[in-house]
Structure formats: structure tokens, C-alpha cells
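Reviewing the structure listed below.
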């Protein structure tokens, strides 16, 4: 088990990170905490909501405070895979092809409205999200580390959207939804200055090395055998339906629970950590909404 002292040095920064995020995205403490858990677990996150509810603002704030390189892609229905990962271009001076990197070569990639592009272009991100590499004309290129995709998508009932395939959904550690702000939060938004100005005024809290170190520590958070049995019981219950939680999903649930334990300033996982992340980790994998996933979880007794 990790010594508490190894983690304690990061606790003030984690608390400060959450405080600053919650100054920007008002009244959404649970969603911002889960987004941070996703980053620390090294898993990608998908925000699903109506346009204009703060998904892009939250993504920008997460990247800025993490102190990492940031790129944004606005997906459209005419976008090609090469617009995302890059393309080989002929250098007339050198008389040879050179690889021109696409915007995916960054540490935090905001894939805005990802479901507005075609499935072929969506698939360009699959290898990058799973392995941290892209392949162009048979040559593999490593992406910077850490590599984190924050994707936003609009509801499928809106025109010009394409459903993300199950293989791509499974690459996202969590799916989150902000929803409408409370009346008080929305009034504060009307009274305050631009969110982007507020983000720019805040200093970076973490460095690249600190994020990599935290991701390494998350994997060392202790998980008792009884908690592992609880995770497996949840997976078995989900498999009674049409789409059960895959083995990759089970591993994702464990990693997310470890990250949640760290954010809660513990060096071990308890069932509360599993419950806190279960809906965000499992719902998009088993084809249920958040409420249905919570009801499924409530059918399973804690070991």
C-alpha cells in the first residue's frame, strides 16, 4: 500500500484545482470532481449535453489548470481523418515526403462536437485514445504524454449528428452531463465577466511531471479483495441485460475508483468510491441512462 506521505504532498493542489474549477463552472461540484478523476486515472472523458451549457468552457478550464499543452478541434461533417491525425506532404526542396502533425499531437485534446463528423473520421481517434499512437502510411508516431481527450457531443435528436459506435464509446473512461445550471448560478453568470477571461487569469496548478506522477500513484492505490468482489458483482448484474459491462469496463471501474479515492485523500478504495464513479463509467458502456445505471447499482449488495 502507498504511504500516506507520498500522496499528502498533492492533496493541497488537488483541493485548489477543484476550487478553481468550481469558480468557473458554478454549482457542478460532482461533475468537476469526476472530470478530475478521469484525468488522474489517465482515461478520456465524454461530455454529453445540449449546446451552450458550458462543456467547452469546462474543458478549457480543465486543460488550463492542469498546465498541459492544449488543442481544440471543432468537428464538422466534412472533416477528414487527416485533419485530425496529420498527413504526409511532399517537400519539394528536400524531394521527400514529410509528416505534418495534426492537432491530435498535444497533451489535452478537446474534440468539440465529436458526433458531428462522419464515423470514418471518428475512428481516426481510436488508436490514439487506446494506445497513445497514430499510424499514417504504415508509420507509427507516438503522441505526447500525458494524452487526454475531452470530447463533447450533442444529443442525437439534433440534426447533423452521428451516433458514436460502441467501440469508440468504450474508449471513454467516463460520460458526464452538466445539465442546466441552477437559477442562482445562472444569475451569477449574468453578473460576472467572461468565463474565458476568468480562466486566463488563473495560474496553472499542476505541471506535466506532476500529472504523470499522479497517474502513476493512482494505479498504486490499494483495492481490497472485498471491493474487487463488489466490482465483479456489479459487472455480473449488468450482464443480465443486453449489453453487459465488458472486461475493459471492469478495469476502467477499478481505475476510476482508485482515482476517486486519491481525490478524497485516501490511499485505499472503499465501496463509496466505486458507487461515486459507477454511473459515469458504466452507463455509456451498457446502453443505459444515468438513472437506470444507478438503479442497477442499487440491486447489488455491498460485500
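Derivation of every value follows stated rules applied to the coordinates shown; laboratory data play no part. Since we're looking at a predicted model, the values are computed, not measured. Cβ coordinates were reconstructed from backbone atoms using ideal geometry, including for glycine residues, and neighbour counts include every protein chain displayed.
Side notes on the structure shown:
- Residue order, fewest to most beta carbons within 10 Å, for 112, 78: 78, 112
- For the range 169-264, the square roots a ≥ b ≥ c of the C-alpha gyration tensor eigenvalues yield an a/c of 1.5 or more together with a/b not exceeding b/c, which makes the shape oblate.
- Theoretical ellipticity at 222 nm over the chain - DSSP helices of four or more residues, -39500 (n - 2.57) apiece, nearest 500: -13500 deg cm²/dmol
- Normalised by 2.2 N^0.38 Å, where N is the number of residues, the C-alpha radius of gyration of the chain stands at 1.02.
- Contact order normalised by residue count of the chain, Cα under 8 Å, 6+ apart, percent: 24
- q = 0.25 Å⁻¹: log10 I(q)/I(0) that the Debye formula gives for the range 221-303, counting C-alpha atoms only: -1.24
- Translational diffusion of the range 37-104, µm² s⁻¹ [Kirkwood Rh, Cα pairs; Stokes-Einstein; 10 °C; 1.306 mPa s]: 106
- FRET E, pair residue 299, residue 226, Förster distance 25 Å, beta-carbon r, rounded to 0.05: 0.85
- What the pair-distance distribution of the range 1-61 shows, using all Cα-Cα distances binned every 10 Å from zero, is 19, 49, 24, 8, 1 percent.
- Length-normalised contact order for the range 158-273 - Cα pairs under 8 Å, 6+ apart - percent: 27
- Translational diffusion of the range 79-123 was estimated from the Stokes-Einstein equation, with Rh taken as the Kirkwood radius over Cα pairs; at 10 °C and 1.306 mPa s the coefficient is 133 µm²/s.
- At 0.890 mPa s and 25 °C, Stokes D of the range 73-166 from Kirkwood alpha-carbon radius, µm² per second: 174
- The range 175-194 residues near the modelled residue 23 label - backbone nitrogen below 20 Å, point 7 Å along Cα→Cβ: 185-194
- Counting only DSSP beta bridges with both residues in the range 4-215, the antiparallel share comes to about 35 percent.
- Fraction of the pair-distance distribution of the range 1-131 above 25 Å, Cα-Cα pairs, percent: 39
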